[in-house]
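The values are calculated or read from the model by the stated rules, or taken from the named source; none is laboratory data. Since the structure is predicted, the reported quantities are computational estimates derived from the model, not experimental observations. All Cβ positions, even for glycine, are placed from backbone atoms using ideal geometry, and neighbour counts span all protein chains on display. All accessible areas refer to the heavy atoms of the entire protein, side chains included, with ligands and DNA or RNA removed. Shrake-Rupley method; radii C 1.70, N 1.55, O 1.52, S 1.80 Å.
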Amino acid sequence: MRLLTTPGDFKLLTPKNELKRQLLNIEKAGRTSYQSFRGKITLETAKKFIEMLIKRGHFSVLEHSLMTVRFINISRGMTHELVRHRLASFTQESTRYVDYAKRGDANVNLDKFQVSVVCPFHKDPDEKIKLEDGTELSFREMAATIERFYRGLRKAGWVAQDARQILPIGLRSEIVVSANFREWRHIFYLRTSQYAHWEIRSVMVKLLEYVKPILSPIFDDFTLAGTDSNGYKYYSCKYCE
Ligand SMILES: Cc1cc2nc3c(=O)[nH]c(=O)nc-3n(C[C@H](O)[C@H](O)[C@H](O)COP(=O)(O)OP(=O)(O)OC[C@H]3O[C@@H](n4cnc5c(N)ncnc54)[C@H](O)[C@@H]3O)c2cc1C
């Protein structure tokens, strides 16, 4: 069993120059409203134009865009929160078809395989927790027990899609998310706020801080608003709905 004790990560699948090029497209599309095509469109003009759109609430023009992100080493719980965003597109690691007993190996090795679980980063995975019957177990030991159950089911001949029923919500997972810039603003608004769950918030704050300098006109109105008692940052957004 492998415990993941630091926030998950992401990989931007849309190249940075492609993201910036889309800022020009948004201005090109937006100018259609006013039939005002004079002058060259540059990153500077697009910045001013997009800031104006956001201040006036003309968010639909931001939809002429797409950003794709792969999230890795996040829990199944977090992927479940992500897929609630109905205007985005998703491709997620399957717990039916992915054989945890095969990870990194062509053959199933039921003795060697490990299940990976995301532990709350603000908790000590080795703190002993007293159970009803007086036994004391740490989070690490509890996760190892679940792995033992999974291994037992597989060894008894249960296929992955049956044995998965015993796996925890903290199970490590991976998902690719595509959405337009308007929807990413909405996702960041909800998922970097102080009310969001610590896991999705920590990963989304990292992503927001990474893309903010690349797509500054789109995300400039997001500002760091504080840090909670567990040390996780949260953001607020000036012009979000
Ligand atoms: C802190 C927090 C706690 C939560 N707790 C719970 C919970 O306890 N239980 C639970 O079930 N969920 C919970 N959720 C999930 C939440 O209810 C939403 O499903 C999720 O945040 C997606 O938000 P959304 O529907 O605004 O956005 P998206 O699905 O990303 O859609 C974006 C926007 O498009 C528009 N839109 C999309 N689809 C439609 C439609 N069919 N009709 C009209 N307009 C549409 C809306 O304006 C919407 O805001 C929670 C979310 C957060 C952030």
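Given a 1.4 Å probe and every protein chain left where it sits, what share in percent of the accessible area of the chain is carbon and sulfur?
Values: 6710 of 13150 Å².
The nonpolar share, carbon plus sulfur, comes to 51 percent.
Please tell me which of these pairs span more than 18 angstrom C-alpha to C-alpha: K212/K233; K11/K123; K212/K238; K47/K212? Mind showing how you got there, number by number?
Details: K212/K233 15 Å; K11/K123 26 Å; K212/K238 15 Å; K47/K212 13 Å.
Violating the 18 Å limit, Cα to Cα: K11/K123.
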Expressed in nanometres to one decimal, the distance between label points 7 Å along Cα→Cβ at T227 and S33 is 4.0 nm
The ³J(HN,Hα) series, computed from each phi in segment 119-135 with the Karplus coefficients 6.51, -1.76 and 1.60 at θ = phi - 60°, rounded to the nearest Hz and given as x for glycine or proline, is 9, x, 5, 8, 10, 8, x, 9, 5, 7, 10, 7, 8, 3, 7, x, 5
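Over all distinct Cα pairs, what is the inverse of the mean 1/r for the chain, reported as the Kirkwood hydrodynamic radius in Å? Before the final figure, lay out each step's value.
On the way: mean 1/r = 0.0494 Å⁻¹.
20.2 Å is the Kirkwood radius here.
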Nearest-0.05 FRET efficiency for T45 and E132 at R0 = 45 Å, using Cβ-Cβ distance, is 0.10
With the 8 Å Cα cutoff and a minimum separation of six or more residues, the chain has a relative contact order in percent of 27 percent
Highest GNM mean-square fluctuation among N180, N17, N73, for the chain with Cα springs under 10 Å, belongs to N17
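Using the beta-carbon distance between K155 and Y210 and R0 = 35 Å, what value does 1/(1 + (r/R0)^6) give for FRET efficiency, to the nearest 0.05?
On the way: r = 42 Å, r/R0 = 1.21.
It comes to 0.25.
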Note: K123 to N17 extended length (0.36 nm per residue) minus current alpha-carbon separation gives 34.2 nm
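Of all chymotrypsin sites (Phe, Trp or Tyr not before Pro) in segment 11-79, which ones are in loop regions per DSSP and have a Cβ with at most 11 other Cβ atoms within 10 Å?
Taking segment 11-79 and a limit of 11 other Cβ atoms within 10 Å, the loop chymotrypsin sites (Phe, Trp or Tyr not before Pro) found are F37.
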Segment 17-56 accessible area per residue, 1.4 Å probe, protein heavy atoms, integer Å², reads 66 Å²
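Do any trypsin sites (Lys or Arg not before Pro) in segment 140-241 lie in a DSSP loop with no more than 11 other beta carbon atoms within 10 Å, and if so, which? Please list the in-between numbers first.
Values: sites: R140, R148, R151, R154, K155, R164, R172, R182, R185, R191, R201, K206, K233, K238; in loops: K238.
Here the sparse-neighbourhood loop sites are K238.
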Scoring segment 1-104 by relative contact order with C-alpha pairs under 8 Å, at least six apart, yields a percentage of 39 percent
Relative contact order as a percentage, segment 118-241, C-alpha pairs under 8 Å and 6+ apart, gives 17 percent
Expected max-MSF residue from Q165, Q194, Q22 in the GNM of the chain (alpha carbon, under 10 Å) is Q165
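Only sites in a loop by DSSP and with at most 15 other Cβ atoms within 10 Å count here; which GluC sites (Glu not before Pro) in segment 128-175 make the cut?
Values: sites: E132, E136, E141, E147, E174; in loops: E132.
Qualifying residues, ordered by number: E132.
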Lone Cys, the chain, Cβ cut-off 4.7 Å -> C119
Quick calc: nm separation of the 7 Å Cα→Cβ label points for Y195 and N109 -> 4.8 nm
Scalar couplings 3J(HN,Hα) for segment 140-148 by Karplus 6.51 cos²θ - 1.76 cosθ + 1.60 (θ = phi - 60°), nearest whole Hz, x for Gly and Pro, are 4, 5, 5, 5, 5, 5, 4, 4, 5
